[in-house]
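Report on the structure given below.
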Amino acid sequence: MLAGSIGAIKQVTTKKNNDRMAFVTVFDETGSIELIIFPRVFAQSQSTWRDNGVVIFKGRIDQKDEGLSIIVEKAVDLEKMAV
């Protein structure tokens, strides 16, 4: 599990099924990384992805020529976890 503040959010519609997915940049005191949220996970966690929110997420690392990103498997808005 990792956590970070949400910076940029780019929502897109897939060509295959017209489903919504997103590319999100999160950051913490050590730097930033791009998250890839595919349609199934995005549909389950859509309210989590808001500007300046804080998110806790888990996923797997994806390495491409452009660098590292994380494919999100689960995400929770930190505010929803607050007691």
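Throughout, read-outs are computed from the coordinates displayed, never taken from laboratory work. The structure displayed is predicted, hence computed values, not measured ones. We place every Cβ from the backbone using ideal geometry, glycine too, and count neighbours over all the protein chains shown.
Of all residues in the range 6-44, exactly one satisfies the criterion of being farther than 18 Å from Ile61 by Cβ and either in contact with a His (Cβ under 8 Å, 6 or more places away or on another chain) or among the aromatic types (Phe, Trp, Tyr) (or both), namely Phe42. Taken together, the residues in the range 27-62 that are part of a loop (DSSP other than H, G, I, E, B), on the phi < 0 side of the Ramachandran plot and over 12 Å from the mean Cα position of the chain (by Cα) amount to 2. Looking across the range 34-83 at every residue that is more than 11 Å from Leu2 (Cα to Cα), β-branched (Val, Ile, Thr) and touching a Ser or Thr at 6+ places or on another chain (Cβ under 9 Å), the one that is surrounded by the fewest Cβ atoms within 10 Å (Cβ to Cβ) is identified as Ile61.
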